[in-house]
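Structure first, then comments.
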Amino acid sequence: YMGAYKNATNSQESFRISATGTIPNLDAHHRIVKKLKLQGVPYEIHKNTCFIKGMFSSKLEVAKFLGAKIRTVSKIRGTIKAPSGDGGSFRATMEDKAKMSDIVFLNTWTEVKPETFYNPICSLLYENKENFLSMKNSATLKKQRGWSKPAKTDSEYGQPIVRGVRKFAKLRIPRAIQGSLPYKSKPKQEAAKSKRQKERERKRAIVMSKEEKQVKLLLQELGTLKNFRKARDRELKLKALAKKAKIDAPIQAARLAKAREKEKVPTAWPLV
């Protein structure tokens, strides 16, 4: 087990652990990586083939990620197959047909090379260690002198993705299916309206007077009362039918038994 912290002075009241980890093996040629998420957008879509742009900047970058797994916002997975064009676009195979409004993601890793610094401290080997002054790190100097931390553009988040309003195409029913549809569902031939008529219909407002509002409210109350009475009558009718069936059950059973006895008695006797 390994822990890392910034300061190790005896005069410090508290300390903060910067990193922790385990050592699986001792190797001088280690690599430090961090997560990286690349995103692109499709610009041409076929059945299970999709052409994506905006994720890479050249064919060389695409060649390094051939066979990598990608996915869309709608959870459709795919694989990078081959570069397409010179701007970093590529061809990918998806498990289902993607949409033009999807965003394609590629989760990968990028190598981080930390700055190497070696400063051997030999003063702690002396007997008098009270006057020992260690070198201050950059965080301590920035805090004492009030310096701001330099911003790294690579570590900052990009601009928020603004997605426009999606416009769906109108439903088009083939003529072969229109003949089998009922008249209510068939598309009607309506006269084309001008832009002024559409604007007038959109802005037209219905303002009811006080009497009209009272009439509308009264009709709504009457309709509610009618529906309540119909539901109550239906419930009472079902209860009456169930009660009558319960009373008629022994009578029907007796009639059925009598009919079976008549079937057993022969209607004509054979001649001797």
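The values are calculated or read from the model by the stated rules, or taken from the named source; none is laboratory data. Computed from a prediction, not measured in an experiment: that's the story for all the values here. Counting neighbours? That spans all protein chains shown, and the Cβs are built from the backbone with ideal geometry, glycine included. The area values use the complete protein model at the heavy-atom level, side chains included, leaving out ligands, DNA and RNA. Shrake-Rupley method; radii C 1.70, N 1.55, O 1.52, S 1.80 Å.
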Original post:
From the backbone phi of segment 35-44, what are the Karplus-calculated ³J(HN,Hα) couplings (6.51 cos²θ - 1.76 cosθ + 1.60, θ = phi - 60°) in whole Hz, Gly and Pro given as x?
Top reply: 6, 9, 10, 9, 9, x, 10, x, 10, 8
**OP:** Starting from the Cα of residue 206, step 7 Å toward the Cβ, then list every residue of segment 212-250 with an amide N under 20 Å from that point.
**Re:** 212-224
Subject >> Mean Cα-pair separation over length for the chain, i.e. relative contact order, pairs under 8 Å, 6 or more apart, % >> reply: 12
**OP:** With no solvent and one equal point scatterer per Cα, compute the Debye intensity ratio I(q)/I(0) for the chain at 0.07, 0.08 Å⁻¹ and report its log10, rounded to two decimals.
**Re:** -0.76, -0.83
Subject >> Extension gain from residue 74 to residue 16, taking 0.36 nm per residue of separation minus the Cα-Cα distance >> reply: 16.8 nm
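Over segment 143-231, consider all pairs of different Cα atoms and compute the Kirkwood hydrodynamic radius from their mean reciprocal separation; express it in Å, one decimal.
Working: mean 1/r = 0.0452 Å⁻¹.
Computed over Cα pairs of segment 143-231, the Kirkwood hydrodynamic radius comes out at 22.1 Å.
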Original post:
Along segment 84-101, what does the Karplus equation 6.51 cos²θ - 1.76 cosθ + 1.60 (θ = phi - 60°) give for ³J(HN,Hα), rounded to whole Hz, x for Gly and Pro?
Top reply: 9, x, 9, x, x, 6, 8, 9, 10, 9, 10, 7, 8, 6, 7, 10, 5, 8
Original post:
Using mean Cβ contacts within 10 Å as the protection proxy, how do 38-45, 165-172 order, highest first?
Top reply: 38-45, 165-172
**OP:** Could you rank 188, 203 by how accessible they are, 1.4 Å probe, largest area first?
**Re:** 203, 188
Original post:
Per-residue HN-Hα couplings for segment 16-25, Karplus 6.51 cos²θ - 1.76 cosθ + 1.60 at θ = phi - 60°, whole Hz, x for Gly and Pro?
Top reply: 10, 7, 8, 7, 9, x, 10, 10, x, 7
Original post:
Helix 210-264: angle to the longest alpha-carbon principal axis of the chain, degrees 0 to 90, nearest 10?
Top reply: 60
Original post:
Carbon and sulfur atoms: what percent of the 1.4 Å accessible area of segment 59-116 do they account for?
Top reply: 51
Subject >> Qualifying lysines (Cα of each under 28 Å from Cα of residue 37; at least 8 residues distant if same chain) >> reply: 47, 53, 59, 64, 69, 75, 81, 97, 99, 113, 149, 152
